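Every read-out reported here was derived from the displayed coordinates using simple, explicitly stated rules and does not represent laboratory data. Keep in mind that this is a model prediction, so the values were computed, not measured. Virtual Cβ from ideal backbone geometry, glycine too; neighbours counted across all protein chains shown.
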């Protein structure tokens, strides 16, 4: 029976492809950023990712368009150019967003294409989807980099626009499936979750998930601030400061002391 | 799996002190060598030149003031002042006298020169009038060659005004056989010379000259032995006293006899390294595979238990300091092209052995660590990478790269070895290659590669396509037809190819003229005897004595030519948005961006010569008003707008460096225009020409002599360096940039290619980052890239260093095939480095 390459024709909406990404999954990776998000996190550093629509804004006197519709085949043409580097570094393809799971068929087809290429696949996502959707992509996914930002549903809703119940529950089911390597990632955001108590709550939950061995804590940064201005939006974080390296080290030590997890600062 | 003892050893206080002492004063020019040389030459008139050179070498080594610097373990200094330099009037001297009053304050590589030194040099210089290599070389050149040099198509400045250098000699022979072994070999050869031999005289004189020279070096070492002994007697500190006694013992034994210990081996190495550079002013005397030829002594001493790793490291560090003690003063123009006081003493670790096994050993690690310890521009440390390289060595190399020092440069065995084989070098010699100077592959101890033979600016022939061979109001190159009449992209390329071929032939003419001049006036018996097969053939290196002979001139500006050709292909012939006539006008008018003073002066001189031809008087007022007219020349608003629009269209086109097949293929073709014709030419030493693609730092000064180009580059701005994409044009990250560069046929540029990459420090922070960095290098090399080097420093730091040089005295950056102290570079070169695209991380 001829193999069905139909997945190469699936189309979806992305806003960027970035090569030589080395902090999102193992090795040298190409990240495909899918457009559209379910959350509206105040610290979001990719505000252009949030809307599912294609947007145009004026920047430095030129019109700039965010978002384009592409087929998996087109994306893979870029992805496969870095094969020599994936081979050497065990790297590969990472999907990020936005929330990739809002375009489940496209996300699955991309990951399937990644596996067909023989490279490592990763997904950076909050897990905002029905579990059946997630289940559909797991066979093509080597690493799930899952964001858990807070354990308190109310506070989560206040800062991110939605409660976290579905996502926290999905984390458990993904872990239990045993089909992918699950790594929990936590953005450490001033005023939101930058206390030992709040972070430890996430860490303890992560530690309770079967098979989870690693948690990454990512210090908040304001690199996205300029984009808000370009998009004509006010920057929601004001002049919040990046947590100091010492503070991050303290969190890391606390997490490693009281859980069995390996904790890394940064991705 | 091979295990290495690679634990880092701590840097000692002695090393910090030696480094600090080295930089206490500005480098100074000393007159002793020039005086001694001239004294000897006055006395030897009429003798064969090779004999005169040997006698002068001996006279210099006997008379040069000697000094042991405080705390040194390895001794031998060419000047009294640290980092000072001697002068070499036998090659050229006029420039130095002309620059006596400016050399101290010039922007690139200033040297202090005292009034007394000036006076002393003025006394000896007149002797050399009509006797230098540069004068003889010029007399051998065709008039059109001189014209092409005047019009800045290429510059062979390096060997035109200086010694050749650019070799790796048999350090191993001196270390393991001693100079007495070489003297014995010469004596043996002498006994075989037959009275009836047709070359009896040449051969005999040469072999005798070698013996005189080797003995001179032995005697020089003995002077140090005596000095160390005297200082030991006076020394109060018992530890230092002991050290001085040991130095005395060492210098009385090596380099005359085989070294008995690692320490003696290093001292023997150093005397060779130093005295070769006293014999000739050639730079890029490259230690090469130091970890290989030093290892047997290291291993023996370690097995015997007479050498600790700590002491071995300290000794290596001392050698590294000494490599920075040597210096060279070049003329102001060359200094811009070799900015940063560099002597390009390339030392390479790792790679394969001649029989194809991994060559990594403990010393490979210690050499990299020494660079971290001294943190200085010399040696130019490099690493060979092959499929079987020890991973821990690559990670150690990445750790050095992370410091931002720009070392090591990475070289790919998997392309260099086949490229050398393709030039007729058998595999066991090719596998043993080392690197000379910036990036030039070389067979150790067997080759006279004449690497770095000229800088060829690939943009200038392109300009000639637009001007039909005219430059600055006169014919400078062949006519290839009015550009407006070229009716297809193929015709345009054909015109460029013709312009290239014509100027390449002139470049060959210049190099061969200089080559002959060195053969006649500057045979170097000492250097020759350490390179096969000079002794066997009885011929000095400069007259073809080496086993392998090449001439390797380097081209640069590939990125500009590729992007320019793409502009013509796309905008002119495919999309027809622009005519060649319009493009020509845009280039002449610098895209409507106005002219700087340099252009104004150029145009004014054109106006002047045109008036002169017409029989009109040319006064200063005429020139001044012409300059003013150009500077304040205002294009009609409409035309200015169109020119700017043209440049916008050009800048919007895809560019080389972004992994776009169509453009990258053109770059490959552009490189061929330079690399392919060269091997068809022969040099007077019996070898062929082979192309390199690297700029040293000449892309900045030579860019300043180049008008606007069709890639959108403005007049007189730097040309792209080496095979790197134009700064700021490669925007798709390091892998895309690497893929574009790997698309070139590096094997055809067997004299070396140079790829600069600037990486943001945040991409080299964690251990995992280092692994990924190594994978990046490996991924590039898997695609047959040849060389890669890195600056890991952020833009802000460099800008701050420019503003506050006093705070950054120790900031070392990668320039081209070498690193240099950032604050010693000229402003324009600093700017060029700051402009390089910063490949960062994506978050």
Fill in the blank from the handout: FRET efficiency (residue B:191, residue B:799; Cβ distance; R0 56 Å; to 0.05) is 0.25
Handout entry: Relative contact order computed over segment B:166-294 (Cα-Cα under 8 Å; 6+ residues apart), in percent
Key = 38 percent
Problem - Shielding score for B:294-302, defined as the mean number of other chain Cβ atoms within 10 Å - result: 0
Problem - Test item: B:776-784 mean partner chain Cβ contacts at 10 Å - result: 4
Problem - Gyration tensor (alpha-carbon) shape descriptor, segment B:329-421, a/c threshold 1.5 - result: oblate
Completion exercise
For chain A the mean separation of alpha carbon contacts under 8 Å (6+ apart) over residue count, i.e. relative contact order in percent, is 17 percent
Practice task
Give me Rg over Rh for segment B:236-315, both radii from the alpha carbons and Rh done the Kirkwood way, two decimal places.
Solution key: 1.01
Exercise for the section: Give me the percent of DSSP beta bridges within the protein assembly as shown that run antiparallel, rounded to the nearest 5. Expected result: 35 percent
Exercise for the section: Report the extension gain between residue B:634 and residue B:300 in nm, rounded to one decimal, defined as 0.36 nm multiplied by the number of residues separating them, less their alpha carbon distance. Expected result: 112.7 nm
Exercise for the section: Would you work out the relative contact order for segment B:229-287, in percent, from Cα pairs under 8 angstrom that are 6 or more residues apart? Expected result: 19 percent
Exercise for the section: Could you check which residue among A:191, A:98, A:211 shows the biggest mean-square fluctuation in a GNM of chain A with a 10 Å Cα cutoff? Expected result: A:191
Practice task
With a ≥ b ≥ c taken as the square roots of the eigenvalues of the C-alpha gyration tensor of chain B, please select rounded if a/c is under 1.5 and otherwise prolate if a/b is larger than b/c or oblate if it is not?
Solution key: prolate
Completion exercise
Under a Gaussian network model of chain A whose springs join Cα atoms within less than 10 Å, the largest fluctuation of A:255, A:22, A:183 belongs to A:22
Practice task
Return the whole-Å distance between the Cα centroid of segment A:178-215 and the Cα centroid of segment B:156-211.
Solution key: 72 Å
Fill in the blank from the handout: Highest GNM mean-square fluctuation among A:221, A:23, A:156, for chain A with Cα springs under 10 Å, belongs to A:23
Exercise for the section: Could I have the simple spin-label model distance between residue B:618 and residue A:239, label points 7 Å from Cα toward Cβ, reported in nm to one decimal? Expected result: 6.2 nm
Problem - Protection proxy ranking, peptides B:787-793, B:568-574, average beta carbon neighbours within 10 Å, highest first - result: B:787-793, B:568-574
Problem - Three-way shape call for segment B:118-206 based on the alpha-carbon gyration tensor, with the a/c threshold at 1.5 - result: prolate
Problem - Ranking of B:797, A:165, B:401 by count of other Cβ atoms within 10 Å, fewest first - result: A:165, B:797, B:401
Fill in the blank from the handout: In nm, the gap between the two label points placed 7 Å beyond Cα toward Cβ at residue B:485 and residue A:172 is 8.5 nm
Exercise for the section: Any chance you could run the full-extension gain for residue B:219 through residue B:648? It's 0.36 nm times the residue separation minus the Cα-Cα distance, nm to one decimal. Expected result: 147.7 nm
Exercise for the section: Measure nothing but the geometry: give the 0 to 90° angle between the long axis through the Cα atoms of B:391-402 and the longest principal axis through the Cα atoms of chain B, rounded to 10°. Expected result: 60 degrees
Exercise for the section: Arrange B:310, B:90 by Cβ neighbour counts within 10 Å, fewest through most, would you? Expected result: B:310, B:90
Practice task
Write down the percent of antiparallel bridges among all DSSP beta bridges whose residues are both part of chain B, to the nearest 5.
Solution key: 35 percent
Completion exercise
Per-residue average of other protein chain Cβ atoms inside 10 Å, peptide A:25-32 -> 3
Problem - chain B - mean residue ellipticity at 222 nm from DSSP helices (-39,500 (n - 2.57) per run, n ≥ 4, rounded to 500) - result: -15000 deg cm²/dmol
Practice task
Just the number, please: percent antiparallel of the DSSP beta bridges in chain A, rounded to the nearest 5.
Solution key: 35 percent
Practice task
Calculate, in nm to one decimal, what residue B:762 and residue B:17 gain on full extension: separation in residues at 0.36 nm each, minus their alpha carbon distance.
Solution key: 265.0 nm
Problem - Projected label distance in nm at residue B:536 and residue A:40, using a 7 Å step from Cα toward the beta-carbon - result: 8.2 nm
Handout entry: Spatial separation of Cα centroids for segment B:23-83 and segment A:60-133, in angstrom
Key = 66 Å
Exercise for the section: Provide the FRET efficiency to the nearest 0.05 for the residue B:100-residue B:80 pair, computing r from the beta carbons and using R0 = 25 Å. Expected result: 0.80
Problem - Between 0 and 90°, nearest 10: helix B:637-652 axis offset from chain B longest Cα axis - result: 50 degrees
Exercise for the section: Sort the following peptides by mean Cβ neighbour count (other Cβ atoms within 10 Å, averaged over residues), highest first: B:154-160, B:165-171. Expected result: B:165-171, B:154-160
Exercise for the section: Please report how far the C-alpha centroid of segment B:761-824 lies from that of segment A:1-41, rounded to the nearest whole angstrom. Expected result: 30 Å
Handout entry: Angle between chain B longest axis and helix B:32-43 axis [Cα atoms, degrees, rounded to 10]
Key = 80 degrees
Handout entry: Efficiency of FRET between residue B:114 and residue B:310 - r from beta-carbon atoms, R0 51 angstrom, step 0.05
Key = 0.80
